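Beneath this line is the structure, given in structure tokens, with notes to follow.
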Amino acid sequence: MKNKNILIYYPDTKNYNPTPPYESLMLIEALKDFSERIIFVDAAKDHFEIEKLVQDSEICIITTLIKYTSITINFQLKDGINFSKILKNYKVPVVWTGMAPILLNKSIEENCPDDILVKTTDENFLKIFIENYTRNNKNIKEIYEDTLSDFIEDKNSFKKFGNYNFEKISVEKYIHNNTFNYLATTGCVNSCSFCSVPVIYKKKWTHNSIENIINHLRFLFENFPEIKVIHFRDDNFLVSKRFIFDLFKEIEKQNFSFTWSCQTSVNILKLYTQEDLKFLYDHGCRNISIGIESGDDYILKNITKSKTTKRDSINTLKKIKNSGITVSVTSIISFPYNNKRDFIKTLKFLMRLKLKFPSLSLYCTIYQPIPGTEIFNEIYRDINTSTDTFSNNIWTTKKEKLKLKKFETFYFIFDNPHFYKLLPDDLAKDLKFINLFFSPLIRLRFLLGITSNLWEYSLVRSKLNKIKQKHGIDLNYSLSDIGIRHLTSNFNYGFNKS
Ligand code: SF4
């Protein structure tokens, strides 16, 4: 490698994922000896001319997300493969890192057989690899093998590269609804069988240093006044009570305060007392998202290894609510077990929760088997699956998807009699009648647990679409084809303007 650039490419997440590319930031930190030659592109956020970018590149590292789970890895896989094919025309070697080469390697190997697939979470590997690559003229595959043979993996890369520099990206592009997604920890202590995290992190959970976290957050708040909320996008932020308490006590000691939200699991939150939750509230926590996972006891037992139960979920929701913190729940529907009974059971459980907590935000994703996970290995074993991992769930019917869409766009919104008040005045005025008229009917339906014969939706659909069109609201629900995804404030409850 002489004078040409090292291109770090973060494949397109189609703007469905506002989280900054932490994987790339840590990699840039690991490669700081080469900083003058590094060009970074986030395909979803940055404007770039492919030809110019590629002509000036000596090597390309495609960094896919891995520090947390997101269904948008599927978009990244497709875009990464397309980008790699372009690079091949220019004879630029490609190295993949992150979740794609670890879990979706079959697809990459089939489409891009010459690419190097790095299967470690430790950025130090790339540091040594690039050093070796610059030093000798061997074939890139040989250099990779040599690097691999001497490498000892450290699963805690925060230790080495946690002081990465936010100035390497355009921070303002990642601010959404005055919120910035930050990552303080990675991994998880649980081993849910549908999840990629235990496969990658082997039930280990690590965090960045308190010093790095505070420095980052100070930088963000001091330089970007439009940031009002930090969302800790970590898969399981609250795993260690000691870490959480130390972090927020230190933040308080430094006379620094901010509003924040986070994600965690029911079994972890069970360990927090009402007083602990009050501490979180007093230190800025305003929303906790918990994974209730399923409304079917049989499924819960299998997928969470009995770590989550419906009763625990309800008790946890009550506890959070009593502390003044609002709650969001995430769940997964349509598993390939139990004759798909979980579809109705989970829907009914969500109805029950909405009845108890009308302002609850909820996500309910149609189960997508992720290669390498425990369930995937059970279902597919060595069968070749599609590159489009969204299409690997072949048992969920169109009718079932449509049913979820009706719940997403109508029932789980207008059950709350106060929903219209969350919207801008002119829109609220047009929706007030629909909301107030249907809310008691929907709540009666929820009480009776009826998931079929959705006549209220049929009655109101065309009127609702007309109102949405009048107000220029986005009717394109492409991501919601994979479940109930728009039902959070991030998506403005599906009332985003086009
Ligand atoms: S709690 Fe389960 S689903 Fe959530 S990150 Fe941990 S292993 Fe994955």
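The values are calculated or read from the model by the stated rules, or taken from the named source; none is laboratory data. Not measured: the values here are computed from a predicted model. With ideal geometry, Cβ positions are generated from the backbone for all residues, glycine too; neighbour counts draw on all protein chains shown.
Right, Ile251: farther than 14 Å from Asn178 by Cα, β-branched (Val, Ile, Thr) and not in a loop (DSSP other than H, G, I, E, B) or not?
For Ile251, the condition - farther than 14 Å from Asn178 by Cα, β-branched (Val, Ile, Thr) and not in a loop (DSSP other than H, G, I, E, B) - is met.
Considering region 159-210 alone, what residues qualify as being β-branched (Val, Ile, Thr), under 16 Å from Asp234 (Cα atoms) and either surrounded by fewer than 21 Cβ atoms within 10 Å (Cβ to Cβ) or out of contact with any Asp or Glu (no Cβ under 6 Å at 6 or more places or on another chain) (or both)?
Across region 159-210, the qualifying residues are Thr179, Thr186, Val189, Ile200, Thr206, Ile210.
Name, by its number, the condition in (1) more than 16 Å from the ligand (Cβ to nearest atom); (2) of a type in the set (Lys, Arg); (3) within 16 Å of Lys270 (Cα to Cα) that does not hold for Lys340.
All conditions pass for Lys340, except number (3).
Return the only residue of Ile28, Ile39 being assigned to a strand (DSSP E or B), within 24 Å of Lys85 (Cα to Cα) and not acidic (Asp, Glu).
That would be Ile39, the only listed residue that is assigned to a strand (DSSP E or B), within 24 Å of Lys85 (Cα to Cα) and not acidic (Asp, Glu).
With the condition kept exactly as written, say whether any residue in region 4-24 is part of a loop (DSSP other than H, G, I, E, B), buried (at least 20 other Cβ atoms within 10 Å of the Cβ) and of a type in the set (A, V, I, L, M).
no
Could you tell me how many of the residues in region 48-86 are over 24 Å from Asn137 (Cα atoms), surrounded by fewer than 20 Cβ atoms within 10 Å (Cβ to Cβ) and modelled with pLDDT under 90?
Of the residues in that region, 7 qualify.
Do we find that Ser323 is assigned by TED's automatic domain parsing to the domain that holds Lys241 and within 16 Å of the ligand (Cβ to nearest atom) in this structure?
no
Take region 315-370 and flag every residue that is in a loop (DSSP other than H, G, I, E, B), among the β-branched types (Val, Ile, Thr) and under 22 Å from His231 (Cβ atoms).
Ile325
Residue by residue, here is whether (1) of a type in the set (Phe, Trp, Tyr); (2) assigned to a loop (DSSP other than H, G, I, E, B); (3) on the phi > 0 side of the Ramachandran plot holds:
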{"position": "Ile108", "(1), (2), (3)": "no, no, no"}
{"position": "Pro113", "(1), (2), (3)": "no, yes, no"}
{"position": "Ile130", "(1), (2), (3)": "no, no, no"}
{"position": "Tyr133", "(1), (2), (3)": "yes, no, no"}
{"position": "Glu167", "(1), (2), (3)": "no, no, no"}
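When region 394-441 is examined, which residues are found to be among the charged types (D, E, K, R) and under 16 Å from Leu353 (Cα atoms)?
If the condition is that a residue be among the charged types (D, E, K, R) and under 16 Å from Leu353 (Cα atoms), then Glu408, Asp415 are the ones that fit.
If Ile59 satisfies every condition in (1) over 20 Å from the mean Cα position of the chain (by Cα); (2) free of Cβ contacts under 8 Å to residues at least 60 places away in the same chain but one, which is the exception?
(2)
Kindly provide the set of residues from region 213-248 that are touching a residue at least 40 places away in the same chain (Cβ under 8 Å), polar (S, T, N, Q) and touching a strand residue (DSSP E or B) at 6+ places or on another chain (Cβ under 9 Å), ordered by number.
Passing the criteria: only Asn236.
When you check Ser240 against the structure, is it among the hydroxyl-bearing types (Ser, Thr, Tyr) and within 22 Å of Ser313 (Cα to Cα), yes or no?
The answer is yes for Ser240.
Please find, within region 175-202, the residue that is farthest from the ligand (Cβ to nearest atom) out of those that are within 20 Å of Asn215 (Cβ to Cβ) and not in a strand (DSSP E or B).
Once the filter is applied, the top-ranked residue is Ile175.
Inside region 449-466, can you point out the residues that are within 31 Å of the chain's Cα centre (by Cα) and outside any loop (DSSP other than H, G, I, E, B)?
Those that are within 31 Å of the chain's Cα centre (by Cα) and outside any loop (DSSP other than H, G, I, E, B): Tyr457, Arg461, Leu464, Asn465.
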